[in-house]
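The values are calculated or read from the model by the stated rules, or taken from the named source; none is laboratory data. The shown structure was predicted, so the numbers you read here are calculated from the model rather than taken from an experiment. Positions of Cβ are generated from backbone atoms using ideal geometry, with glycine treated the same way; all protein chains shown enter the neighbour counts.
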């Protein structure tokens, strides 16, 4: 004998219709997605807007570090401010920014 999902829930001791659970799950996922977009996406957009120019896209090569990339962008100047901008724009860990070859970084212009 085949049972519907609601019949199986009733047999298991829950009477909540399946559609309510799915609806709550969708609302929760949409809420989490919206918050993540605001927190992560908004933060990066603020960095770009304050820089004045759109960021340069840089593809990480084997052996690259944030310091080496910043040094290429700030020739003849102290790369530390550029390092901070790259870390912030790409939401990297300040303590130990991990780069992977092939990763695309946003390098803000100053």
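Condition test on residue 83, is it modelled with pLDDT under 90 and not assigned by TED's automatic domain parsing to the domain that holds residue 7? Outline the logic, then answer.
On the way: modelled with pLDDT under 90: no; not assigned by TED's automatic domain parsing to the domain that holds residue 7: yes.
Spelling it out, it is not the case that residue 83 is modelled with pLDDT under 90 and not assigned by TED's automatic domain parsing to the domain that holds residue 7.
For segment 74-92, filtered to residues that are touching a residue at least 24 places away in the same chain (Cβ under 8 Å) and not in a loop (DSSP other than H, G, I, E, B), the residue that is farthest from residue 109 (Cα to Cα) is 88. Going by the conditions given, is residue 101 in contact (Cβ under 8 Å) with a residue 40 or more places away in the chain and either within 16 Å of the chain's Cα centre (by Cα) or not in a helix (DSSP H, G or I) (or both)? Yes; evaluated as a whole, the condition is true for this residue.
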